[in-house]
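Here is the structure we will look at, set down as structure tokens.
The values are calculated or read from the model by the stated rules, or taken from the named source; none is laboratory data. Being a predicted model, the structure only gives us computed values, none of them experimental. Cβ placement follows ideal geometry from the backbone for every residue including glycine, while neighbour counts extend to all protein chains displayed.
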Amino acid sequence: MQLSIVIVNYNVRYFLEQCLHTVLRASATLETECVVVDNASSDDSMAYLKPLFPTVRFIENSTNPGFARANNQVLPLCRGEYVLFLNPDTLLPEHALRDCLAYIRQQPDAGALGVRMIDGHGRFLPESKRAFPAPLVSLYKLSGLAALFPRSGIFNRYALGNLNEHANHRVDVLAGACMLVKRDLLLQLHGFDERFFLYGEDIDLSFRIRKAGYQNLYFAGVTIVHFKGESSGNNSLRHVKYFYEAMLVFVRIHYQTLAGKSLTVFLQLAIGLRAALAAINRLIRPLVWPLADGMLVWLSLQLTRFFWIQQFRNGKDFGVAFLDYALPVFSLLFVGAAAFAGMYDLRTRLSQMFSSLVFAILSVLSVYSLLPETLRFSRGVMLWGSLLATLLVLLTRRIFRHPGAEWLPDVSAGLTVVVASERDYDQAHLLLEKETLDQQLLGRISPEPGDTGALGCLADLPLLAEKLRFRRVVFCVGDLTLQQVLPILTLCRKQPLRFLFHVSGSRSMVGSQAMAPGNGIIIPEFSYAIEQPHQQRMKRVTDLFFSFVFFLTLPLHLLLQIHPVGFLKNIFQVLLGYRTWVGYASAADQLPHIRPAVLASTGIPGSVSPLVEQKADRMYARNYDWWGDIRILFRYYRQLGN
């Protein structure tokens, strides 16, 4: 047998589904076997994948023993001349396995081979080729000099920044995400060192391969997609801990010199320092924008106060002793209300920022109106100061564009194009229509020129993105090959596009988590806006607000409502939390749970067909915004007693 492919899975079943499809396509002309080791995943990976891939051998572990041990567990079972260790969050082009085997066989001193890797946006991953973390190399990386001089062969030797990524090289270290090794050599070296749990095992194995007299080859003739971080998670504290502890273990094992021992002490200090900095960053970073906004609100109120005194009071202050304390208090109230409405949630959209700021203004004005007469100073200052603060806050977001906010519309709600043949397009279209519902499908882009039924061809994708302003691209790998996609992906890497991949015959689409509103998995699991904490809070606030308003103005509503007794009953049920004013029309067992509704987005439940109700409920949950509830309440106001 030519090749054994070993994949260790942990809670990434949809990524693994796409990976296995590409592996089988790349193995079509070769004699291979594929083994998947599942490290006690909790996402039902095995139940989902086993029926889909009968030719793949699955091994289930009851606990998570780590990456190195899981790979070693399979090694005695491998029958191939070569063994490929592959991450589950990778996609292989059709020629990858054939070309890798052909190249490594031409190099008599080759022990292992790695390839050029790009992420889900087409950007080169520097860990594709690395140097050993020798004392000085590690010092440059830990001190930040490597990041300052990414092309330096001295300061960034760890990532071999001076070597051309498009040329073949003999290197020190290959990435375990895609590492092809001679089976006999692996058995001789006893596989990975199991003292490494998550990181560092590939560095150690590369070191021992070189020590045994073989070469590690970086092969630029093959490029693969690696959705970096999907298989290991993105928790910053854990990442720092595992990465630097792995480096520490490596230095302790392989560098017993005085310099190596000194570096061990330095690494221990670095691990503690980086962990502390990561913890401090996690505590302080969420407060940066609220504090900045609070200062802007206070400044706006002060400027408006000064202007009001000069223009309308002939330079005479308001004479309220509380005023010097009131403005900071109202600034905090403004920021707190905006935070309550979701202003500082991750991936905040412009529309969400605006609605949060409107809620903050209303909250400030409402609290001000409830103050005793002796503490009030000027409604004009509060109103115009709040409006000025809103303008300044939006302006700072426009200028600085902080990472937690999306000034442009959410890419998940933007225009979508599908790059596919006409046959593969139909399957992708059905998935998008069934699962996302909010997608605005612009049309199909053909893999080849000359297709009159398409918007254009794959080669024109960068230009089409500029002209048609779509934000999401779905690559359907079937008649379209991944080998065709990768060069275009690299060309588009700087454009504000989100790329999704769907291999023909699969049930899912995957993409990188970066730029995604939720996780990288799009189908069949995607996020519902109604699940977001700020939307749940605002939904309850909206229910309570309108219930109180309806109750306080009850005589008027009793005259206007079609069913006044039912209206009164609904007011108390919503106040007590038994019902919500707006919600689902149907039972909606597959959607996030909310209280039974008085109204649905379609009006009175049962007013349209069940199929329309189900689709409307999915759309309501997917695109939920508390402003939408208000619009529905006004639209179907007379039916609130049903």
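Here are a few things to note about the model shown:
- Inspection of the range 417-437 identifies at least one residue that is at pLDDT 90 or above, crowded, with 16+ Cβ neighbours inside 10 Å and within 28 Å of D625 (Cβ to Cβ).
- If you go through the range 498-513 and keep only what is among the aliphatic types (A, V, I, L, M) and in contact with a helix residue (DSSP H, G or I) (Cβ under 6 Å, 6 or more places away or on another chain), you end up with V503, V510.
- A360 vs. criteria within 25 Å of V549 (Cα to Cα) and either in contact (Cβ under 8 Å) with a residue 24 or more places away in the chain or over 36 Å from the mean Cα position of the chain (by Cα) (or both): yes
Table: residues versus (1) crowded, with 18+ Cβ neighbours inside 10 Å; (2) more than 26 Å from the chain's Cα centre (by Cα).
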{"site": "A68", "(1), (2)": "yes, yes"}
{"site": "L77", "(1), (2)": "no, yes"}
{"site": "L86", "(1), (2)": "yes, no"}
{"site": "I118", "(1), (2)": "yes, no"}
{"site": "H121", "(1), (2)": "yes, no"}
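- Helices (runs of 4 or more DSSP H) contained entirely in the range 126-215, each with at least 3 residues that are at pLDDT 80 or above and either within 22 Å of G111 (Cα to Cα) or among the aromatic types (F, W, Y) (or both): 183-189, 201-211
- Taken together, L568, L559, L575, L591 contain a single residue that is modelled with pLDDT under 90, of a type outside the set (K, R) and more than 21 Å from A621 (Cβ to Cβ), which is L559.
- Residue in the range 83-94 that is farther than 21 Å from E194 by Cα and touching a Phe, Trp or Tyr at 6+ places or on another chain (Cβ under 7 Å) present: yes
- The test for being modelled with pLDDT of 95 or more, outside the structural domain of I488 (by TED's automatic domain parsing), surrounded by fewer than 24 Cβ atoms within 10 Å (Cβ to Cβ) and within 31 Å of the chain's Cα centre (by Cα) holds for P93.
- Those helices (runs of 4 or more DSSP H) lying entirely in the range 537-642 with at least 3 residues under 30 Å from the mean Cα position of the chain (by Cα): 610-622, 626-635
- Comparison of S62, S45 shows that the only residue that is of a type in the set (S, T, Y), modelled with pLDDT of 90 or more and surrounded by fewer than 20 Cβ atoms within 10 Å (Cβ to Cβ) is S62.
- Positions within the range 454-476 being at pLDDT 90 or above, under 22 Å from the mean Cα position of the chain (by Cα) and under 28 Å from V23 (Cα atoms), in sequence order: V473, V474, F475, C476
- Note on the range 629-642: residues that are modelled with pLDDT of 85 or more and buried (at least 17 other Cβ atoms within 10 Å of the Cβ) amount to 6.
- Selection status of S4, polar (S, T, N, Q), assigned to a loop (DSSP other than H, G, I, E, B) and in contact with a strand residue (DSSP E or B) (Cβ under 7 Å, 6 or more places away or on another chain): no
- Those residues of the range 1-42 which are surrounded by 23 or more Cβ atoms within 10 Å (Cβ to Cβ), within 19 Å of L101 (Cβ to Cβ) and out of contact with any Leu (no Cβ under 9 Å at 6 or more places or on another chain), in sequence order: none
- Given (1) among the β-branched types (V, I, T); (2) at pLDDT 90 or above; (3) in a strand (DSSP E or B), index of the condition V364 fails: (3)
- Identity of the residue in the range 367-402, outside any helix (DSSP H, G or I) and not polar (S, T, N, Q), that ends up nearest to the chain's Cα centre (by Cα): H402
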